[in-house]
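Asks: One structure follows; several queries about it will come next.
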Amino acid sequence: MFVYLVNRVLLMVPTLLGVAVLIFFMLRVVPGDIVEVKLRGDGGNPTQETLDAERKRLGLDRPLVEQFGEWMTGLFTLDLGKSMWTEQPVTDEIALRLELSFEVALMATLIAILIAIPMGTLSALLKDTWIDYAIRIFTIAGLAMPSFWLGMLTIVSLLFFFNWLPPLTYTPIYEDPWNNMAQLFWPALSVGYRYSAVVARMMRSSIIEVLNEDYIRTARAKGVFERLVVMRHAMRNALLPVITVIGLEFAFLIGGLVVTEQVFNLNGIGRLFVQAVGRNDFTLIQGMVMLTAVVFVVTNLAVDMLYAVFDPRIRYR
Amino acid sequence: MSSIRILAGFAGAIALAIGGPALAQTPKRGGTLNFALSAETPHYDCHGSDTYATLHFASPFYSTLLTFDLPKYPGVKGDLAESWTISQDQKSYTFKLHKNVTFHDGKPLTSADVKATYDRLRNPPTGVVSTRKATFQDIVAIETPDAHTIVFKLKDINPAMMEHFASPWNCVYPAEKITADPQWPKTNILGSGPFKFVEHVKGSHVSGARNDKYFRQGQPYLDGFKGTFFSQSAAMLNALQGGQVLAEFRTISSADRDRLKQAMGDKIRIEESSWTLNLLVVFNTKKKPFDDVRVRRALNMAIDRWGGSQGLARTSALRHVGGLIRPGSPYAIDPKELEQIPGFQRDMAKARAEAKKLLAEAGVPNLKFVLHNRTIAQPYTPAGVFLVDQWRQIGVEVEHRQFETSPYLAGMSSGQFDVAIDFSNLFMDEPSLGLAKYVSSSKAPENRSGLESPEIDALIEKQSHIGDPTERIKVIRQVEKLILDSSHQVPLLWWHRIVATHTKLMGWEMSPSHNLGADLARVWINE
């Protein structure tokens with residue numbers, strides 16, 4: 001297991017390096033640069049001399065190879081450079097927002113698990129009953145409804161019925177749990193509903209499939225209590241694909257809540273990503289792509305590790 | 001200049017009369033103003049910025065030499081300057097500064113700080129961006145006879161100099177700081193304005209606290225403020241409706257205005273004005289067939305601006321038909337006169353027939369081209385759709401391509417476009433600023449049409465040094481006619497500004513520029 005873990009961690013290095021190379025060169029293919037956006041984007045009329053001086057100051061006039069060398073050297077020392085827009089360290093810009101995004105993703109995941117696992121299981125066990133139909137309607141609605149739209153409905157409803165809105169600025173949970181929850185519960189709920197729909201559908205079909213397996217029939221024939229059959233034999237096996245879905249969704253949520261963050265005015269990673277792309281902030285985009293890549297490879301690794309926990313037959317060497 | 005100022009003063013008096021009751025009450029002290037900011041400044045340096053995001057963020061922390069007197073807009077009044085004199089030859093401006101001004105760190109503000117600020121603006125050190133360098137090129141020397149007197153010597157008459165001294169971008173910085181590190185103001189805030197900087201949480205908010213040693217006694221009235229950044233207007237409107245913020249000082253759309261009025265009734269105050277922004281249609285004169293004035297004129301004549309303004313006003317910020325100078329400003333062309341210029345006529349059937357004839361004469365009766373536009377929905381998308389429809393009516397086929405800001409600007413700068421929608425964003429109605437976009441492309445890169453015209457350049461230069469407003473207006477009309485006849489770059493429509501504030505927010509003053517009046521010194525909350 002340990003050797004497998006070390007191998008997987010080492011394999012991450014070429015994966016991340018590949019991402020780093022690709023993102024660096026792909027960004028340079030897009031026409032335009034941040035200096036134009038910064039000095040002309042709002043109607044400014046700077047002279048060519050000013051534009052050139054600013055490009056020079058930001059290092060954009062240097063040969064591409066030199067810029068690439070700096071980027072790669074920085075990566076190995078965990079220095080992602082400075083945002084070309086704010087001129088603050090990229091790591092600071094990300095760190096400022098990561099806590100919020102991570103918390104929303106975690107809360108949405110918890111909400112999804114709490115809703116999806118029992119519902120998916122119940123739906124599978126009571127297949128083709130009115131309960132199954134009701135759950136399927138609930139989950140299909142969740143899949144059909146974009147989470148940002150649900151977020152908008154939530155906000156408007158809170159405003160219309162209670163004349164109340166979630167706090168505008170983020171307070172860490174360890175400073176003011178109530179304020180923190182008052183702000184982040186609603187986006188987590190909006191996102192968690194869609195997320196739970198995906199997971200519940202997967203859980204249902206997975207359990208239905210597992211319940212038809214020979215070993216389940218054998219367990220029942222041996223007279224094992226139905227509860228034990230479901231909990232110990234069926235669910236543990238059925239959870240494997242569900243864990244994969246949960247892992248992928250969680251990784252996506254870290255940087256993918258762009259519109260939801262805008263609807264709730266959250267200062268998160270998704271919003272920062274979109275702003276960075278709109279401004280051609282090369283260094284910040286590169287940093288955020290690397291963050292996303294790291295989140296995905298680490299989550300994948302965690303999911304693979306969890307397989308072994310849930311399925312004793314799986315052994316990593 | 002006097003007649004212009006009287007006219008402006010009259011207009012201001014009317015505006016003041018409309019908003020009179022709100023301003024007439026005795027201000028109450030206390031409270032924290034929560035307001036919305038629809039954009040976040042990339043840095044804190046007013047000198048190197050052209051975005052209102054910097055001003056709405058930084059203005060409360062800084063003072064300027066003069067400031068615009070918004071009820072009498074475009075009139076100006078003293079900020080740091082207590083009084084001033086202008087020499088007979090209009091080439092020397094002497095300002096006496098208030099004596100009790102201190103920076104937020106307690107150090108006194110003197111003429112040396114003002115000089116260092118203007119030296120940085122007109123002659124920025126290496127690595128420092130001053131987007132107002134050209135504005136102050138007429139200044140040849142700055143003298144400081146004593147700690148509270150500063151004299152600006154000009155090489156030529158500049159009728160706009162007082163307005164430029166009132167520019168909100170000229171934040172006065174401590175000489176000591178910018179001498180030690182010219183980049184210091186980009187990441188630090190130390191001014192002498194009504195509020196002291198408290199914190200800026202990137203992506204979230206900025207806050208300030210009352211400067212108890214502010215040199216205007218009794219001001220500011222607020223204990224502090226908190227400006228929250230919003231990236232989506234729907235979220236901002238919800239916050240406005242829910243009372244989480246009391247204002248957003250740039251603009252809202254007409255649809256949003258109607259929603260707020262319906263939902264909030266008399267709890268919301270709506271103020272409207274024509275705006276110092278416009279959209280332009282730019283023809284790339286370096287490309288065929290747009291090098292032919294007949295083609296450009298035909299396309300310009302096919303646009304029904306008067307009709308379009310009615311419909312577009314309902315769905316976008318576009319509303320006012322005008323020439324090169326904002327309609328409503330003292331230098332604007334008379335609407336009756338404007339209607340005589342091709343492209344601004346009211347009889348569209350006749351104009352379109354003429355346009356078709358011109359295209360046929362130019363040998364392009366079935367013209368096809370690409371319209372280069374931005375992806376920003378308001379008001380670029382409706383403007384693009386409108387233009388496509390207008391040109392379709394004379395048999396021209398247009399492909400509407402919208403780009404993100406960066407590739408959009410890159411396409412404009414490199415001349416990789418046929419026809420484009422460009423924009424002009426002025427912080428005040430000074431003709432020299434507005435006309436700068438029409439100077440030949442080799443001298444002014446912001447003119448994307450590629451047109452070279454020594455005649456237009458000479459007239460624009462000439463008007464910028466005429467002290468007598470009547471004479472100046474004559475030259476402005478002359479150059480305006482030349483530019484519109486040439487049709488290389490023509491205004492589409494001017495924007496309309498709508499600001500919604502809670503009725504308990506008092507003392508804020510509306511103007512045609514969203515860049516002005518952002519210092520919050522006289523703002524108070526009626527609770």
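The values are calculated or read from the model by the stated rules, or taken from the named source; none is laboratory data. None of these values were measured; they are calculated from a predicted model. In this analysis, Cβ positions are derived from the backbone assuming ideal geometry, glycine residues included, and neighbour counts consider all displayed protein chains.
Asks: Considering only the stretch B:409-527, give the helices (runs of 4 or more DSSP H) lying wholly within it that have at least 1 residues that are closer than 19 Å to residue B:156 by Cβ and acidic (Asp, Glu).
Replies: B:454-463, B:469-486
Asks: On to the next question. Answer with yes or no whether residue A:131 is away from every other protein chain (no Cβ under 11 Å), closer than 19 Å to residue A:114 by Cβ, more than 19 Å from the chain's Cα centre (by Cα) and not in a helix (DSSP H, G or I).
Replies: Answer is no for this residue.
Asks: With the checklist (1) of a type in the set (Asp, Glu); (2) more than 10 Å from every other protein chain (Cβ to nearest Cβ); (3) surrounded by 19 or more Cβ atoms within 10 Å (Cβ to Cβ) in hand, flag the one item residue A:311 doesn't pass.
Replies: Result: residue A:311 fails condition (3) only.
Asks: Now, a different point. Would the stretch B:221-238 turn up any residue that is over 22 Å from residue A:169 (Cβ atoms), surrounded by fewer than 18 Cβ atoms within 10 Å (Cβ to Cβ), in the same structural domain as residue B:58 (by TED's automatic domain parsing) and modelled with pLDDT of 95 or more? Write out each step before concluding.
Replies: The initial filter retains those residues of the stretch B:221-238 that are over 22 Å from residue A:169 (Cβ atoms), namely B:221.
So of that shortlist, the ones also surrounded by fewer than 18 Cβ atoms within 10 Å (Cβ to Cβ) come out as none.
For the stretch B:221-238, residues over 22 Å from residue A:169 (Cβ atoms), surrounded by fewer than 18 Cβ atoms within 10 Å (Cβ to Cβ), in the same structural domain as residue B:58 (by TED's automatic domain parsing) and modelled with pLDDT of 95 or more: absent.
Asks: Let me ask you something else. Looking at the stretch B:401-458, which of its residues are under 15 Å from the mean Cα position of the chain (by Cα) and of a type in the set (A, V, I, L, M)?
Replies: Correct list: B:426, B:428, B:433, B:435, B:436.
Asks: I would also like to ask the following. Residues in the stretch A:193-215: is at least one in contact with a His (Cβ under 7 Å, 6 or more places away or on another chain), of a type in the set (Gly, Ala, Ser), part of a helix (DSSP H, G or I) and in the same structural domain as residue A:144 (by TED's automatic domain parsing)? Explain how you work it out, then say what you get.
Replies: Our first condition is that a residue be in contact with a His (Cβ under 7 Å, 6 or more places away or on another chain); within the stretch A:193-215, this holds for A:215.
Narrowing the set further to residues that are of a type in the set (Gly, Ala, Ser) leaves none.
Taking every residue of the stretch A:193-215 in turn, none turns out to be in contact with a His (Cβ under 7 Å, 6 or more places away or on another chain), of a type in the set (Gly, Ala, Ser), part of a helix (DSSP H, G or I) and in the same structural domain as residue A:144 (by TED's automatic domain parsing).
Asks: Return the residues of the stretch A:160-179 that are buried (at least 19 other Cβ atoms within 10 Å of the Cβ) and either away from chain B (no Cβ under 14 Å) or out of contact with any Asp or Glu (no Cβ under 9 Å at 6 or more places or on another chain) (or both); say none if nothing qualifies.
Replies: Residues satisfying the conditions are A:165, A:166, A:168.
Asks: I've got another one for you. Restricted to the stretch A:185-196, and to residues that are of a type in the set (A, V, I, L, M, F, W, C) and buried (at least 24 other Cβ atoms within 10 Å of the Cβ), which residue is farthest from residue A:171 (Cα to Cα)?
Replies: Applying the filter and picking the extreme gives A:191.
Asks: Still on this model: Spot the failing condition for residue A:273; the list is (1) in contact with a Phe, Trp or Tyr (Cβ under 7 Å, 6 or more places away or on another chain); (2) closer than 26 Å to residue B:236 by Cα, and only one is missed.
Replies: Of (1) in contact with a Phe, Trp or Tyr (Cβ under 7 Å, 6 or more places away or on another chain); (2) closer than 26 Å to residue B:236 by Cα, only one is false for residue A:273: (1).
Asks: When the residues of the stretch B:380-410 are filtered to those that are of a type in the set (Gly, Ala, Ser), under 25 Å from residue B:366 (Cα atoms) and crowded, with 20+ Cβ neighbours inside 10 Å, which remaining residue is nearest to the other protein chains (Cβ to nearest Cβ)?
Replies: B:383
Asks: Right, next: Counting only residues that are in contact (Cβ under 8 Å) with a residue 40 or more places away in the chain and charged (D, E, K, R), which one in the stretch B:274-293 is surrounded by the fewest Cβ atoms within 10 Å (Cβ to Cβ)?
Replies: B:286
Asks: Would you mention how many residues in the stretch B:43-93 are over 21 Å from residue B:216 (Cα atoms) and β-branched (Val, Ile, Thr)?
Replies: So the count comes out to 4.
Asks: With the requirement that a residue be more than 14 Å from chain B (Cβ to nearest Cβ) and crowded, with 16+ Cβ neighbours inside 10 Å, what does the stretch A:82-112 give you?
Replies: Within the stretch A:82-112, A:102, A:103, A:104, A:105, A:107, A:108, A:109, A:111, A:112 qualify.
Asks: Over 12 Å from the mean Cα position of the chain (by Cα) and assigned by TED's automatic domain parsing to the domain that holds residue A:124: is that true of residue A:269 in this structure?
Replies: So residue A:269 fails the test.
Asks: Taking the stretch A:272-283 only, how many residues are within 17 Å of the chain's Cα centre (by Cα) and of a type outside the set (Phe, Trp, Tyr)?
Replies: As a first pass, look at the stretch A:272-283 and keep what is within 17 Å of the chain's Cα centre (by Cα): A:272-274.
Then keep just the ones that are of a type outside the set (Phe, Trp, Tyr); that gives A:272, A:274.
Qualifying residue count, the stretch A:272-283: 2.
Asks: Within the bounds of the stretch A:270-283, is there any residue that is within 14 Å of chain B (Cβ to nearest Cβ), within 22 Å of residue A:152 (Cα to Cα), of a type in the set (Gly, Ala, Ser) and not in a helix (DSSP H, G or I)?
Replies: no
Asks: If you don't mind, another one. If you take the residues in the stretch B:35-52 that are modelled with pLDDT under 95 and closer than 19 Å to residue B:239 by Cα, which one is farthest from the other protein chains (Cβ to nearest Cβ)?
Replies: B:38
Asks: Here is a further query. Going by what's in this entry, would residue B:114 be described as out of contact with any Pro (no Cβ under 6 Å at 6 or more places or on another chain), more than 13 Å from every other protein chain (Cβ to nearest Cβ) and buried (at least 22 other Cβ atoms within 10 Å of the Cβ)?
Replies: Criteria met by residue B:114.
Asks: I'm trying to understand the selection: among the residues of the stretch B:245-282, which are among the small types (Gly, Ala, Ser) and within 23 Å of residue B:379 (Cβ to Cβ)?
Replies: B:247, B:253, B:254, B:255, B:273, B:274, listed by residue number.
Asks: Restricting to helices (runs of 4 or more DSSP H) lying wholly in the stretch B:335-407: which have 3 or more residues that are among the charged types (D, E, K, R)? Working first, answer last.
Replies: On the way: elements: B:335-338, B:348-361, B:380-392.
Helices (runs of 4 or more DSSP H) meeting the threshold: B:348-361.
Asks: Could you tell me which numbered condition residue B:433 fails, if it satisfies all but one of (1) facing chain A (nearest Cβ under 10 Å); (2) free of Cβ contacts under 8 Å to residues at least 40 places away in the same chain?
Replies: (2)
Asks: Residue A:264 is checked against (1) out of contact with any Pro (no Cβ under 8 Å at 6 or more places or on another chain); (2) within 14 Å of chain B (Cβ to nearest Cβ) and fails just one. What number does that condition carry?
Replies: (1)
Asks: Moving to a separate point now. Can you say whether residue B:377 is within 25 Å of the chain's Cα centre (by Cα), in the same structural domain as residue B:491 (by TED's automatic domain parsing) and either crowded, with 22+ Cβ neighbours inside 10 Å or under 23 Å from residue B:285 (Cβ atoms) (or both), as far as the supplied structure shows?
Replies: No: the conditions fail for residue B:377.
Asks: Kindly provide the set of residues from the stretch B:228-237 that are more than 8 Å from chain A (Cβ to nearest Cβ) and either without any contact (Cβ under 8 Å) to a residue 40 or more places away in the chain or under 15 Å from residue B:62 (Cβ atoms) (or both), ordered by number.
Replies: B:237
Asks: For the structure I just gave you, tell me whether residue A:115 is in contact with a Leu (Cβ under 8 Å, 6 or more places away or on another chain), more than 21 Å from residue B:235 (Cβ to Cβ) and crowded, with 18+ Cβ neighbours inside 10 Å.
Replies: Spelling it out, it is not the case that residue A:115 is in contact with a Leu (Cβ under 8 Å, 6 or more places away or on another chain), more than 21 Å from residue B:235 (Cβ to Cβ) and crowded, with 18+ Cβ neighbours inside 10 Å.
Asks: Would you be able to tell me the number of residues in the stretch B:473-510 that are crowded, with 23+ Cβ neighbours inside 10 Å and polar (S, T, N, Q)?
Replies: 2
Asks: Only one residue in B:270, B:303 is among the aliphatic types (A, V, I, L, M) and either closer than 26 Å to residue A:263 by Cα or in a helix (DSSP H, G or I) (or both). Which one?
Replies: B:270
Asks: Taking the condition of being surrounded by 15 or more Cβ atoms within 10 Å (Cβ to Cβ), within 14 Å of chain B (Cβ to nearest Cβ) and among the small types (Gly, Ala, Ser), how many residues in the stretch A:136-159 meet it?
Replies: Going through the stretch A:136-159 one residue at a time, the tally reaches 1.
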